[in-house]
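Working notes, structure below.
The values are calculated or read from the model by the stated rules, or taken from the named source; none is laboratory data. Please read all numbers here as calculations on a predicted model, not as lab measurements. Cβ placement follows ideal geometry from the backbone for every residue including glycine, while neighbour counts extend to all protein chains displayed. Note: areas computed on protein heavy atoms with side chains; ligands, DNA, RNA excluded. Shrake-Rupley method; radii C 1.70, N 1.55, O 1.52, S 1.80 Å.
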Amino acid sequence: MPRIKMPGTLCKEKTLTFEDAFQQFLTDRAANGVTDKTLYTYRNHLQSISHFMDITIPLSTLTRPMLNEMIVAMRKAKLKTNSISSYVQVVTTFLNWCKDQGYCFVNPPKFKQEETVKETYT
């Protein structure tokens, strides 16, 4: 079996921005039959993420420490852990899509969500 060659850099596309790649991601998801509600959620999450990370950066400059800084900024802004988890989940889905496209090979950060226990009524 031949070896798979990884590109010398983490991202092969030098001029593609995070935001532009995300738009391509949304188009691809829509073409694959993802519901309008899911696409709406992805767009809203991108808008929220843009408050904590510069989404106009070239995808080739994206690093794991930058993603960790985004999570730290969200925590400093006192977002609920479930909200942060939701944002990280969308970024993870997006970065996995980028890997499939050969755009970027950054590993997404892990984020553990707190379990919410709701009191039941009698």
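Okay, residues lined up against (1) out of contact with any strand residue (DSSP E or B) (no Cβ under 6 Å at 6 or more places or on another chain); (2) open to solvent by 60 Å² or more (accessible area, probe 1.4 Å); (3) modelled with pLDDT under 90:
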site: P7; (1), (2), (3): yes, no, yes
site: F22; (1), (2), (3): yes, no, no
site: F25; (1), (2), (3): yes, no, no
site: D28; (1), (2), (3): yes, no, no
site: V34; (1), (2), (3): yes, no, no
site: Y40; (1), (2), (3): yes, yes, no
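Quick check on L95: is it closer than 16 Å to E19 by Cα, without any contact (Cβ under 8 Å) to a residue 40 or more places away in the chain, in contact with a strand residue (DSSP E or B) (Cβ under 9 Å, 6 or more places away or on another chain) and crowded, with 17+ Cβ neighbours inside 10 Å?
Yes: the conditions hold for L95.
V106 passes all but one of (1) more than 23 Å from T15 (Cα to Cα); (2) modelled with pLDDT under 90; which number fails?
Here V106 clears every test but (1).
From I49, I84, I55, grab the single residue that is in contact with a helix residue (DSSP H, G or I) (Cβ under 7 Å, 6 or more places away or on another chain) and over 17 Å from T17 (Cα atoms).
Of I49, I84, I55, the one residue that is in contact with a helix residue (DSSP H, G or I) (Cβ under 7 Å, 6 or more places away or on another chain) and over 17 Å from T17 (Cα atoms) is I84.
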